[in-house]
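Here it is, the structure, as structure tokens.
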Amino acid sequence: MNSKAIILIGAIGALAVILLRKVRGYADMAQQISFVPKVYDKPKISLSKLTIPICIDITNPTAEKATVTVLQGSAIIAGREVAKVDVPEEGATVVISPNSTSRLKGLSIAIPINNLLTTILDNLNDLMSKDFTKVIANTSLQFAVTVNGLATISGNMRFDKQTSLGSLGLTASSKRSIRPLSDYAALIPPRTELRREDAIRMSSAAPEQTVLFMHKVIRETTSDTARLAQSLRASSLRETLQNIWNFVYQHIQYVPDSAVMEQVRRPLRTLYDQKGDCDCYATLIGSILTNLGITFSLRIAKYNGRSYFQHVYVVVRDGDKELVVDPVVDKCFYEKKPSEKKDFPC
């Protein structure tokens, strides 16, 4: 064997050692990287499937840059595979700087309706009580990814327990101690005036459509709050709004709607249920303000640069000032600063 061949073999061997070290290094890196999937936009339902847009927050705690590619995945609920994760043919890739977190978008879960129905039956108690944290806790993604094109790993991703499910709602800070409505019983129409059905809006509808639907509910049900409104009137606009906020905050428990259905309750339903989410709050307040002859707007808002509207609440003009009446938050006239907002005058 001549010297050139020996040098070549030696070089190949050295490259193999370097490559092996890289693979081992990337494998070690891959074991340190963490993955947290989140629902980042509104689920959409059709006749054949429920499509849930998801993203994955990937954290690289190492001192080297990581290129992570998701190759495939499956959605698992309570141990049962309900759907494949929709991943582009070439995979979904994100580059993550050292000691940082990046978000991988462009993924979705399309759950066939027959699988969805089975899942609903399996989780019926939690869904009926709107305890979605338990459903989320039972949901995971089985996945396969590559790190820097060499190390391939597989495992389970657990959904962030605080993930937003995309419904129109900003979550209240905590469960409240709700007062009984006995002091206002004479001011509220009897339960017999309730229709058997509620006003329902599916969450796949645009938020603008939901707000227009809320306008319609307010116009058609002003009798629900006619006498109650007068009891909340004060000598000034600001005091009146404070009275309205106090009433709703103290008597209506915040409860989020279903992940796949937005329910706009008429005011009388909200009063007798003593619960609702932000659109129920805004509809009830809008009904009271209408009876008092106070003009207002329904405002929808986005937060933290997200692509979808997350919240709706009431805004009243007082000269050149805006007075926000939002019982989801813990202080009257306080507005959580939105990254984008849109007003719908009533």
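Mind listing the phi-derived Karplus ³J(HN,Hα) values for the range 286-302, rounded to whole Hz, using 6.51, -1.76 and 1.60 with θ = phi - 60°, and x for any glycine or proline?
x, 5, 5, 5, 4, 5, 8, x, 9, 6, 7, 10, 9, 10, 9, 9, 10
Amide H neighbours of Ile252 under 5 Å, counting only residues 5+ apart in sequence or on other chains, H built in-plane at 1.01 Å?
Sorted by chain and number, the residues that satisfy this come to none at all.
List the residues whose amide H sits under 5 Å from the amide H of Arg265, counting only those 5 or more places along or on another chain, with H placed 1.01 Å from N in the peptide plane.
Cys280
Per q in 0.18, 0.26 1/Å, what log10 I(q)/I(0) does a Debye calculation on the alpha-carbon atoms of the range 263-346 return?
Results for the range 263-346 at q = 0.18, 0.26 Å⁻¹ read -0.78, -1.39.
How large is ³J(HN,Hα), in whole Hz, for each residue of the range 217-233 in order, when computed from phi with the Karplus curve 6.51 cos²θ - 1.76 cosθ + 1.60 and θ = phi - 60°, using x for Gly and Pro?
Karplus-based 3J(HN,Hα) across the range 217-233 equals 4, 4, 4, 7, 10, 4, 5, 4, 10, 4, 7, 4, 4, 5, 6, 9, 5 Hz.
In Å, the Kirkwood hydrodynamic radius of the range 214-288 over pairs of distinct alpha carbons?
12.6
Each value in this text was obtained by applying a stated rule to the coordinates, not by laboratory testing. Small disclaimer: the values here were computed from a predicted structure and weren't measured.
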